[in-house]
Amino acid sequence: MEDLPGIVITGASGRMGQMLIKTVVDSEKARLVGAVERTGHPWVGMDVGEAMGGQPLGVKVTDEPLEAFAKAQAVIDFTAPAATLQFAKLAAQARAVHVIGTTGMTDDDIAKLGPCGRHAVIVRAGNMSLGVNLLTQLTKKVAEALDEDFDIEVIEAHHHHKVDAPSGTALMLGEAAAEGRGVDLADVADRGRDGITGARKKGDIGFVAIRGGDIVGEHDVLFAAPGERITLRHVATDRSVFARGALKAALWGQDQKPGEYDMLDVLGL
Ligand SMILES: NC(=O)C1=CN([C@@H]2O[C@H](COP(=O)(O)OP(=O)(O)OC[C@H]3O[C@@H](n4cnc5c(N)ncnc54)[C@H](O)[C@@H]3O)[C@@H](O)[C@H]2O)C=CC1
Ligand SMILES: O=C(O)C1=N[C@H](C(=O)O)C[C@H](O)C1
């Protein structure tokens, strides 16, 4: 047991944090060595198992990330952009693999991860499920095969707590479609329509975000031409698909050189 890679979960009380803790505790390939929450959170100082309403797990929730990271081989982080930037520096200092599931990071945020990736392995993806990562490859292929007569729209739906739009997954799918078309997503993305927008611009890649109830995560890539339509779809019904992917990334990262990677590297897609 002591030989198994030790994992710290940040954002321990969150929707993904709790799912990640269960996934690590149930795994025979890793052990939970830390749980981090923000200063002032009521869980800080409590046993994380008890805080989750179950049996004690022998791990106290802490608001001192570096202390926790120093005992770990990997940090799995599904929190918020500002927290993730702070954790990236500390994970690099501790030489721990940093698995980043946090979405809503700007290009500037992502650029700030560069120096951290020189000291430690970073695996970052807007979606850690096998299905979505496969869908990015299918999207790229379909976009490659079709011309601009096919309008591309990425339509996503999530629960009403989600704070960022378009989702990280929608952006991954948009990037894949743009790559297939040989264009830069920044030049063709249409991220908000309201009022007299004018007719759709040929070649644009549109994004539509639905927010409601407890939807875990649904993504459609629509290719619409006069007379026919193709839809590629992924539906997540359980957050465990993201947590399993993140744990796989943390274990995979143990054998890699410092650098920035994504789930396509982990899954060999
Ligand atoms: N890449 C993927 O496969 C997936 C990514 N996500 C992303 O993960 C992130 C979290 O999602 P949820 O769990 O639904 O959100 P949530 O709001 O339920 O959880 C976020 C947690 O992070 C904690 N947190 C915030 N700042 C912190 C700090 N400085 N130190 C420690 N903890 C801090 C919060 O207290 C909260 O417990 C979002 O960006 C979401 O889009 C979610 C699901 C899958
Ligand atoms: O916030 C979520 O819940 C999710 N976020 C990710 C995203 O932004 O794409 C992944 C998943 O769809 C759930």
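When the range 97-115 is filtered for residues that are farther than 22 Å from residue 167 by Cα and under 18 Å from the mean Cα position of the chain (by Cα), the ones remaining, listed by number, are 97, 114.
Pairing each residue of the range 157-169 that is of a type in the set (Asp, Glu) with any residue that is open to solvent by less than 50 Å² (accessible area, probe 1.4 Å) and within 8 Å of ligand 2 (Cβ to nearest atom), provided the two are 6+ apart or on different chains, yields C-beta distances under 8 Å for 164/103; 164/104. For the range 196-227, the set of residues classified as within 28 Å of the chain's Cα centre (by Cα) and not in a strand (DSSP E or B) consists of 203, 204, 212, 213, 214, 215, 216, listed by residue number. Candidates in the range 228-259 are the residues that are of a type in the set (D, E, K, R) and within 17 Å of the chain's Cα centre (by Cα); of these, the one that is most open to solvent (accessible area, probe 1.4 Å) is 244. Of the residues making up the range 192-235, those that are in contact (Cβ under 8 Å) with a residue 24 or more places away in the chain, basic (Lys, Arg) and more than 16 Å from ligand 2 (Cβ to nearest atom) are 200, 202. When 262, 194 are checked against the criterion of being in the same structural domain as residue 12 (by the TED database) and open to solvent by 50 Å² or more (accessible area, probe 1.4 Å), 262 stands alone in meeting it. Put simply, of 153, 179 the only residue that is out of contact with any helix residue (DSSP H, G or I) (no Cβ under 8 Å at 6 or more places or on another chain), more than 25 Å from residue 35 (Cα to Cα) and not assigned by the TED database to the domain that holds residue 63 is 153. Scan the range 23-37 and tell me whether some residue there is surrounded by fewer than 20 Cβ atoms within 10 Å (Cβ to Cβ), closer than 26 Å to residue 120 by Cβ, within 15 Å of ligand 1 (Cβ to nearest atom) and of a type in the set (Ser, Thr, Tyr). No, the conditions are met nowhere in the range 23-37. Of the residues in the range 182-190, none is within 13 Å of ligand 1 (Cβ to nearest atom), assigned to a loop (DSSP other than H, G, I, E, B) and under 23 Å from the mean Cα position of the chain (by Cα). Mind listing just one residue for me: the one in the range 107-142 that is more than 13 Å from ligand 1 (Cβ to nearest atom) and of a type in the set (S, T, N, Q) and, of those, most open to solvent (accessible area, probe 1.4 Å)? Filtering the range 107-142 for residues that are more than 13 Å from ligand 1 (Cβ to nearest atom) and of a type in the set (S, T, N, Q), the one most open to solvent (accessible area, probe 1.4 Å) comes out as 137.
The values are calculated or read from the model by the stated rules, or taken from the named source; none is laboratory data. It should be emphasised that the depicted structure is a prediction, and the values quoted were computed from it without experimental measurement. Cβ atoms come from the backbone with ideal geometry, glycine included; neighbour counts cover every protein chain shown. Surface accessibility is based on the protein's heavy atoms, side chains included, excluding ligands, DNA and RNA. Shrake-Rupley method; radii C 1.70, N 1.55, O 1.52, S 1.80 Å.
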